[in-house]
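Here the structure is laid out as structure tokens; the discussion comes afterwards.
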Amino acid sequence: MSHAPHHSSMPIGLGEYQCSLGQWEFSADAQVEGISRSHIAQALAADASPCRVDDVIATVSELVANAVVHAQSEMKVLLEKWQHMIVVAVEDLSPVPPVVQEVNHLAESGRGLQIVESVSDDWGFAMLESGKCVWAGFALGCDCADSAH
Ligand SMILES: [Zn+2]
């Protein structure tokens, strides 16, 4: 069992940790495009519906963009399978917790977490020994009828 530090603080709704589906490391000036859509789609193909793949990709983009702007540190993106959800986590070296700002359509900054909040089924963050981890969980299925995604 190789559990990352943030696992101890994960909510019970995720069920048991199952396995890693992918892991990517970036320098401080990471481009969001550094993880390609196809990498994530491929990693999730066996476990999640296509709709959820889109949600996960949108979330990774926002979390990485947030880390680039606010943490300005190296970061790690983790894609994990839990019993009830797919979890994506972004770890950076900044000790400052993420802030969800009030809706302000003129503000670019802070919008990222609102997007994460709206497309994910659960999300949160954990402080690590050095830095923090922001994670989001996605139920494996979607509400689409049959295979009409
Ligand atoms: Zn669907």
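The values are calculated or read from the model by the stated rules, or taken from the named source; none is laboratory data. Nothing here was measured: the structure is a model prediction, and the numbers come from that model. Here the Cβ positions follow ideal geometry from the backbone for every residue, glycine too, while neighbour counts run over all protein chains shown.
A few remarks follow.
- Taken together, the residues in the range 93-125 that are touching a His at 6+ places or on another chain (Cβ under 8 Å) and either at pLDDT 90 or above or of a type in the set (Asp, Glu) (or both) amount to 1.
- Matching residues in the range 20-46 - criterion: being surrounded by fewer than 17 Cβ atoms within 10 Å (Cβ to Cβ) and either at pLDDT below 85 or of a type in the set (Asp, Glu) (or both): Glu25, Ser27, Ala28, Asp29, Gln31, Val32, Glu33, Gly34, Ser36, Arg37, Ser38, His39
- If you go through the range 126-149 and keep only what is closer than 21 Å to Asp54 by Cα and of a type in the set (D, E, K, R), you end up with Asp143, Asp146.
- Unmet criterion (only one of (1) among the aliphatic types (A, V, I, L, M); (2) under 21 Å from Leu140 (Cα atoms); (3) buried (at least 16 other Cβ atoms within 10 Å of the Cβ); (4) at pLDDT below 90) for Ala4: (2)
- Considering residues of the range 124-149 that are among the aromatic types (Phe, Trp, Tyr) and either within 16 Å of the ligand (Cβ to nearest atom) or free of Cβ contacts under 8 Å to residues at least 40 places away in the same chain (or both) only, the residue surrounded by the most Cβ atoms within 10 Å (Cβ to Cβ): Phe138
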